[in-house]
Amino acid sequence: MIRAENLVKTYVLGGQVVHALDDVSVTIREGEMVAIRGPSGSGKSTLMNILGCLDRPETGQYFLAGEDVSKFSKNALAEVRNRRIGFVFQNFNLLPRMSALENVELPLHYAGRHDAVKAARVALETVGLSDRSHHEPAQLSGGQRQRVAIARALVTNPAILLADEPTGALDSKTGEEILALFKTLNANGHTILVVTHDAHVAAHCQREIYLHDGKIAAPPNDDPVAMSQIAADKELLPEAV
Amino acid sequence: MLFWMIVKVAFKSLMANKLRSILAMLGIIIGVAAVIAMLAIGTGAKQQVLDRISAMGTNLLYIHPSPRGTAGVISGTQLNLSDDDARAILQKIDHVKGLAPVVSRSFQVKYLNQNTLTQVLGTTPTYLSIRDFEVESGRMFSDFEVEHWDRVAVLGPLTASNLFGFSDPVGQVVKINGINFRVVGVLKSKGDQGWFNPDDQVIVPYTVEMHVLMGVTYLREIDVQCEEGSDLDAAQNDIFALMRQRHKIPAGMPDDVVIQNQSQFIEAFSATATTFTILLGTVGGISLLVGGIGIMNIMLVTVTERTREIGIRKAIGAREFDILSQFLIEAMLMSGVGGLTGMGLGIGTAWLVGQVSPFPTIVRVYSIVLALVFSAGVGVFFGFYPATRAAKLDPIEALRYE
Ligand SMILES: Nc1ncnc2c1ncn2[C@@H]1O[C@H](COP(=O)(O)OP(=O)(O)O)[C@@H](O)[C@H]1O
Ligand SMILES: [Mg+2]
């Protein structure tokens, strides 16, 4: 479970103070698939970096599986990233000159695990890429690369998968496939946080956290997600009655 | 992360930029090769000279007349060393095993129509053991023949072949300065020694050389062989005292003979040779240092180029130490491979020099170890700064790097 309270992060850029995160609190329960949505510059990536232990908040607390990691040392954070967090990036961020399998193995090597190859094969199978395990990233399509990245993120069986615009570099059909994969993973018990500016992507999640200017806000009314949720609520209403 | 994994990754990234890696390693390759080759040449030259000196034995004293002259102006040597002096030394000085009076001059030596100008050395049979000569065929003349002024000669192998070609000189008669000498033996070859060729000489009894060939009463030198392990300094002092007494030198006047011993030669020469070797090694060491700077330069470029990779590795859990060791091992691999290549090149060069030059070359294990340890050290030293820079990169900024 993830609980972050009163996160604050400010940047000073050219003498101007930017409140990238302004007193943000989020709670994500185990097994949830949640979207963080908001316009560009609203602080989504900043939030994800803190939740992913790549960055530390100026103030506020962050509990990951019950531990307050906001005061952890750099090395301790590296270990948290290694074991508890799985990152999926917009531009895949695979290492070139390494096969898909080797890319997936990498986090396990940093964890010092000796069953790396075996576990990596299982993870590649989960994302449906067993037959491409010896291909290098350059020999794979965008969707396949993102699958490798997802396999690498989940190979350590982390507490949470963090995906920053995971479909941003993919065509819409491939994007849908990746989202479907996330949903399958979620159905199998993985906790997933998807950062996106795209309401259609967010619509695949169970709920969304909307950010605006570093604050949690209500999504605008004309928003498709809001609409669809309203629609869903309406559909549910008669049954509930 | 497992060590061999890091090595594999490091090796791959070196292979990905082959030309650049080779150029970066070139400094180390040349540096190590230079250290090994130069030390091999230095050591070989030193060893050769030391071998020659010590082949003559370390328990020897050489007595020469002092240079003649006043206030440092040398005008020839004094003619004061007699064969009576030699006999007195043998009788009165403790621990003297044997000695050889030596007198020499160049003469025309003839056999039939063959003619050669060579050094004719007069001495006693002891000379052979003192100077480490051996007889190849025939025999050395005897003390009896020396005492009876017998005109017998032992030829150096080169002189023998100059005069006799392939036929056996033993039993033949040669003319030295027009006087007949019977050849009784031929020496075994020692090889040219640079400053003089011991194979090209004729050895005759010193009595004959002094009185018949030269008509003089003085010796060029006396070679004294002391007992093994005896105190050479004590013997030397005793000889000085004996010579002063025999030559009636008043107190306060300088000695009229000079005594040298092998250990002085060896010490003086070793010191010079060691300085020379250190100098050569330093030159090689400096090129190693320059090579190290080349590696550091490339490592800095590599770290910048791979900023994004570093960010990715950190995001998936690499600690600072993991990144540090990865780049450090890459630098060490480069300097290590460079070092090994340089070692091969250095040994090869040393071998080649040994083949084409008169000096032998000796590759000592210590020089290989030194060069390899030094080059690995260079890798660690010059790899450390770039690797630290890589390890300290902020993961978010590294991930954002284009
Ligand atoms: N390293 C940084 N230095 C200065 N300003 C930054 C930095 N990172 C983010 N910001 C600013 O913080 C705000 C939030 O950025 P970000 O979290 O990247 O937004 P998003 O991911 O929602 O587009 C933006 O205004 C951005 O300009
Ligand atoms: Mg962003």
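The values are calculated or read from the model by the stated rules, or taken from the named source; none is laboratory data. Quick caveat: nothing in here was measured; it's all calculated off a predicted structure. Glycine also receives a Cβ, built like all others from the backbone with ideal geometry; neighbour counts cover every protein chain displayed. Ligands, DNA and RNA are excluded from the accessible area calculation, which covers all protein heavy atoms including side chains. Shrake-Rupley method; radii C 1.70, N 1.55, O 1.52, S 1.80 Å.
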Filter the range A:27-67 down to residues that are within 16 Å of ligand 2 (Cβ to nearest atom) and part of a strand (DSSP E or B) and give me whichever is surrounded by the most Cβ atoms within 10 Å (Cβ to Cβ). A:Ile36
Reported set for the range B:255-288 where residues are surrounded by 15 or more Cβ atoms within 10 Å (Cβ to Cβ) and closer than 30 Å to B:Met25 by Cβ is B:Phe276, B:Thr277, B:Leu280, B:Gly281, B:Gly284, B:Gly285, B:Ser287, B:Leu288
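Could you please find all residues in the range A:99-134 being acidic (Asp, Glu) and under 29 Å from A:Ala76 (Cβ atoms)? Let's see the steps before the verdict.
Pass one, the range A:99-134, residues acidic (Asp, Glu): A:102, A:105, A:115, A:125, A:131.
Of everything in the range A:99-134, those that are acidic (Asp, Glu) and under 29 Å from A:Ala76 (Cβ atoms) turn out to be A:Glu102, A:Glu105, A:Asp115.
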Might you let me know whether the range B:363-371 holds any residue that is out of contact with any Cys (no Cβ under 7 Å at 6 or more places or on another chain), in contact (Cβ under 8 Å) with a residue 24 or more places away in the chain, outside any helix (DSSP H, G or I) and over 30 Å from A:Ser45 (Cβ atoms)? yes
If you go through the range A:159-174 one residue at a time, do you hit one that is in contact (Cβ under 8 Å) with a residue 12 or more places away in the chain, open to solvent by less than 10 Å² (accessible area, probe 1.4 Å) and more than 16 Å from ligand 1 (Cβ to nearest atom)? yes
So is B:Ser137 free of Cβ contacts under 8 Å to residues at least 12 places away in the same chain and either more than 30 Å from B:Ala88 (Cα to Cα) or in contact with a Cys (Cβ under 7 Å, 6 or more places away or on another chain) (or both) or not? no
Search the range B:375-402 for residues that are within 14 Å of chain A (Cβ to nearest Cβ) and within 16 Å of ligand 1 (Cβ to nearest atom) and pair each with any residue that is open to solvent by 40 Å² or more (accessible area, probe 1.4 Å) and modelled with pLDDT of 90 or more when their beta-carbon atoms are under 7 Å apart and the residues are at least 6 apart or on different chains. B:Ala398/B:Arg308; B:Leu399/B:Arg308; B:Tyr401/B:Arg308
Output the number of residues of the range A:68-101 satisfying the condition of being among the aliphatic types (A, V, I, L, M), in a loop (DSSP other than H, G, I, E, B) and free of Cβ contacts under 8 Å to residues at least 40 places away in the same chain. 1
I'd like the full set of residues that are in contact with a Gly (Cβ under 8 Å, 6 or more places away or on another chain), open to solvent by less than 10 Å² (accessible area, probe 1.4 Å) and not hydrophobic (A, V, I, L, M, F, W, C), limited to the range B:208-238. B:Glu209
Taking the range A:33-59, which residues are away from chain B (no Cβ under 14 Å), modelled with pLDDT under 95 and away from ligand 1 (no atom under 15 Å from the Cβ)? A:Thr59
Inside the range B:303-320, can you point out the residues that are out of contact with any helix residue (DSSP H, G or I) (no Cβ under 6 Å at 6 or more places or on another chain), more than 8 Å from chain A (Cβ to nearest Cβ) and under 16 Å from B:Ile6 (Cα atoms)? B:Arg306
Under 7 Å between Cβ atoms, at least 6 apart or on separate chains: pull out the pairs that start in the range A:206-217 with a residue that is under 21 Å from A:Arg29 (Cα atoms) and open to solvent by less than 40 Å² (accessible area, probe 1.4 Å) and end on any residue that is within 15 Å of ligand 2 (Cβ to nearest atom) and of a type in the set (Val, Ile, Thr). A:Ile209/A:Ile36; A:Leu211/A:Ile36
Confirm whether B:Val103 is under 22 Å from B:Ile63 (Cα atoms) and in the same structural domain as B:Val174 (by TED's automatic domain parsing). yes
Of the residues in the range B:138-153, those that are within 37 Å of the chain's Cα centre (by Cα) and either surrounded by 15 or more Cβ atoms within 10 Å (Cβ to Cβ) or assigned to a loop (DSSP other than H, G, I, E, B) (or both) come to B:Gly138, B:Arg139, B:Met140, B:Phe141, B:Ser142, B:Val146, B:Val152, B:Ala153
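Looking at the range B:127-134, is at least one residue under 29 Å from the mean Cα position of the chain (by Cα) and under 21 Å from B:Gly165 (Cα atoms)? Before the answer, list the steps.
Our first condition is that a residue be under 29 Å from the mean Cα position of the chain (by Cα); within the range B:127-134, this holds for B:127-134.
Now restrict to residues that are under 21 Å from B:Gly165 (Cα atoms): B:134.
There is at least one residue in the range B:127-134 that is under 29 Å from the mean Cα position of the chain (by Cα) and under 21 Å from B:Gly165 (Cα atoms).
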Which one of these does A:Val8 not meet: (1) over 15 Å from A:Ile209 (Cβ atoms); (2) part of a strand (DSSP E or B); (3) within 11 Å of ligand 1 (Cβ to nearest atom)? (3)
Every residue in the range B:230-277 that is over 15 Å from B:Leu50 (Cα atoms) and aromatic (Phe, Trp, Tyr), please. B:Phe240
Run down B:Arg182, B:Arg246 and say which single residue is in contact with a strand residue (DSSP E or B) (Cβ under 6 Å, 6 or more places away or on another chain) and open to solvent by 30 Å² or more (accessible area, probe 1.4 Å). B:Arg182
Quick one: which of B:Ala24, B:Ala16 is modelled with pLDDT of 75 or more and buried (at least 17 other Cβ atoms within 10 Å of the Cβ)? B:Ala24
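Across the range A:93-128, what is the total count of residues that are of a type in the set (A, V, I, L, M) and within 12 Å of chain B (Cβ to nearest Cβ)? Walk me through how you get there before you give the answer.
The initial filter retains those residues of the range A:93-128 that are of a type in the set (A, V, I, L, M), namely A:94-95, A:98, A:100-101, A:104, A:106, A:108, A:111, A:116-117, A:119-120, A:122-124, A:127.
Now restrict to residues that are within 12 Å of chain B (Cβ to nearest Cβ): A:94-95, A:98, A:104, A:106, A:108, A:111, A:116-117.
Of the residues in the range A:93-128, 9 are of a type in the set (A, V, I, L, M) and within 12 Å of chain B (Cβ to nearest Cβ).
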Residue pairs qualifying under the 8 Å Cβ cut-off, at least six apart or on distinct chains, with the first in the range A:180-204 being under 17 Å from A:Val155 (Cα atoms) and the second being more than 16 Å from ligand 2 (Cβ to nearest atom) and of a type in the set (Lys, Arg), are A:Leu181/A:Arg147; A:Thr191/A:Arg29
Within the range A:68-87, take every residue that is β-branched (Val, Ile, Thr) and surrounded by fewer than 24 Cβ atoms within 10 Å (Cβ to Cβ) and give me the one that is nearest to the other protein chains (Cβ to nearest Cβ). A:Val80
